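Coordinate-derived values only; no laboratory data. Everything numeric in this text was worked out from a predicted model, so none of it was measured. Here the Cβ is made from the backbone with ideal geometry for all residues, glycine too, and neighbour counts use every protein chain on show.
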Amino acid sequence: MRARARTRTDPALIRRSLIVTGLLFLGLFLFLPLMAVFSNALAKGISGYLGAIKEPDAWSAIRLTLLAAGIVVPLNVVFGLAAAWAIAKFDFSGRGFLITLIDVPFSVSPVISGMIFVLLFGAQGLLGGWLRRHDIKIIFAVPGIVLATIFVTFPFVARELIPLMQVLGSDEEEAALTLGASGWRTFLRITLPNVKWSLLYGVILCNARAMGEFGAVSVVSGHVRGLTNTMPLYVEILYNDYQFVPAFAVASLLTLLALVTLVAKSLVEWKSESTHPAAGSAER
Amino acid sequence: MSIEARNITKRFADFVALNDVTLRVPGGELVALLGPSGSGKTTLLRIIAGLDFANCGSVFFDGEEITLRTVQDRGVGFVFQHYALFHHMTVFDNVAFGLTVKPRRQRPSADEIRATVTKLLKLVQLDWLANRFPSQLSGGQRQRVALARALAVEPRVLLLDEPFGSLDGKVRQELRRSLRRLPDEIHVTSIFVTHDQEEALEVADRVVVMNAGRIEQEAPPDEVYHHPANAFCLRFSR
């Protein structure tokens, strides 16, 4: 019994040193920065912390972040579901191209992601003249921020759903059709329940990125205080103004968002494993 | 309900799955489509069901052309090779599904649905499993649920795709016997696809031997066994 155990696991020394290395790494790159954010945010005590958050500019940054996420996440759910449905259930010319296209936001630098919208909709851009004549502001206004955020967060939902839908196949949907269900009914009662955990996972990731996006939004935003600053942009402005405590205070909100996201992710992963063990391992 | 598939041709890119195939099944008959993989038998079944559409040809139910009708409007019951049970629903909800998605006017009440589902589950001897999930059932049990689910909507036509393909030994025997008895208990025209000659010869009223997209022979089991039409049928029926 003991001989078998020894051959199957690594020696205790290796196991322990790997764990210590992992913990050191986590400690250096995760815990220390977390501690730094919170200790700096609370350097002037709770009143200093709350005062920073209650600033009108801080509030509008929080509102804008929530607004952007509130528009971007539902839109990407619709796009992601549609794209995953088409890719997983059908074979059509251009399918490979669509799959590649979905991955583009991941491979493009966020700054470039913002630049493309400036080149399209900016004053000197392709459509700039047309937009100015119709008095529509996209760049340096909220629509631009929303567009840039949609672009960088687009892949999350689709990439979570595609492998799962491919594994699940179309059998259950076809069965529902033969039983008389319409396409829409089939989607609501068969497809969605089957992918709900992956969908939720994709939504969580999409939301986290939407709220935390800096590069792309920075390029299109124009940094107009109280109007076009999201929380990440506002943190940068405060920091550049040497207002360290308010900067860290707003940053701590984003940090709390990150922690909540991690917890939600773990819960969804755990729930998904317990209901669909095979599908769960196929995705990850 | 008689079924007629006339001059069906189906091509997938360069591959001809069905080559001008005509099949007539009188009402109430149990017909086996027998052939090796790639012979086109599942494709033909799916075209009759409406899950696929032929490049040319037409399909008739009781003389009425339904070639362009959607699968929902054809009133077919389909039993899939891998059962295709809704794995997030209980056995009861699976069988009740077809009844719960009927248009409001035609939908039975909750009590009527419960009565129908219970009756069907008793028919396939699975009423004691009504609250289990498909993942908790054995292969044979899942197959019976799939059959009950297909029958719940009182289809005019029952189509089965390799219904016993993934089952073994005794379970296959029992289910074969149940399938054999089915047309006596319920008035439905059935077509089932198989590559198992013993199964086709034992269960069906008529056997249709298919090969490479064509029908090689169409006859009662005895005739196919004793008087195979050509070398292929001889090889395949023994």
Query raised in the report: Shape of the range B:1-84 from its Cα gyration tensor (a ≥ b ≥ c, root eigenvalues): rounded if a/c is under 1.5, otherwise prolate when a/b > b/c, or oblate?
Result: rounded
Requested in this report: At a temperature of 37 °C and a viscosity of 0.692 mPa s, determine how fast chain A diffuses translationally according to Stokes-Einstein, using the Kirkwood radius over alpha-carbon pairs as Rh; express D in µm²/s, rounded to the nearest whole number.
Outcome: 150
Query - Gap separating the Cα centres of the range A:215-238 and the range B:1-39, nearest whole Å - result: 65
Requested in this report: Could you work out, for the range B:39-131, what percent of all Cα-Cα pairs fall into each 10 Å distance bin, beginning at 0 Å and stopping at the bin that holds the largest distance?
Outcome: 14, 36, 31, 17, 2
Report summary line: Mean separation of Cα contacts under 8 Å (at least 6 apart) over the residue count of the range A:106-172, i.e. the relative contact order in percent, is 28
Query - Contour minus Cα-Cα distance for A:V260 and A:F106 (0.36 nm per residue) - result: 53.1 nm
Query raised in the report: Hey, with R₀ at 22 Å, roughly what FRET efficiency would B:Q106 and A:W184 work out to, going by the Cβ-Cβ distance, to 0.05?
Result: 0.80
**Report entry** Contact order normalised by residue count of chain A, Cα under 8 Å, 6+ apart, percent
**Finding:** 30
Query raised in the report: Cα atoms only, chain B: Rg and Dmax in Å?
Result: 17.8, 56
Query raised in the report: Using the C-alpha atoms of the protein assembly as shown, what convex hull volume per residue, in cubic angstrom, is computed?
Result: 251
Query - Expected 222 nm ellipticity per residue - DSSP helices of 4 or more, -39500 (n - 2.57), all of chain A, to 500 - result: -25500 deg cm²/dmol
Query - B:H187 paired with B:D205, simple spin-label distance in nm, labels 7 Å along Cα-to-beta-carbon - result: 1.3
Report summary line: Per-residue average of other protein chain Cβ atoms inside 10 Å, peptide B:92-104 -> 3
Report summary line: Across the alpha-carbon set of the range A:48-142, Rg over Rh with Rh taken as the Kirkwood radius works out to 1.10
Query raised in the report: For the range A:94-204, what is the convex hull volume of its Cα atoms per residue in Å³?
Result: 156
Query raised in the report: How big is the gap, in Å, between the Cα center of the range A:28-86 and the Cα center of the range B:109-183?
Result: 53
Report task. Enumerate the helices in chain A for which the Kyte-Doolittle hydropathy averages 1.6 or more and the C-alpha atoms extend at least 30 Å along the helix's axis, using complete DSSP H runs. Result -> A:142-168
Requested in this report: Return a single number: how many Lys pairs in the protein assembly as shown, at a sequence separation of 8 or more or on separate chains, have alpha-carbon atoms below 22 angstrom apart.
Outcome: 8
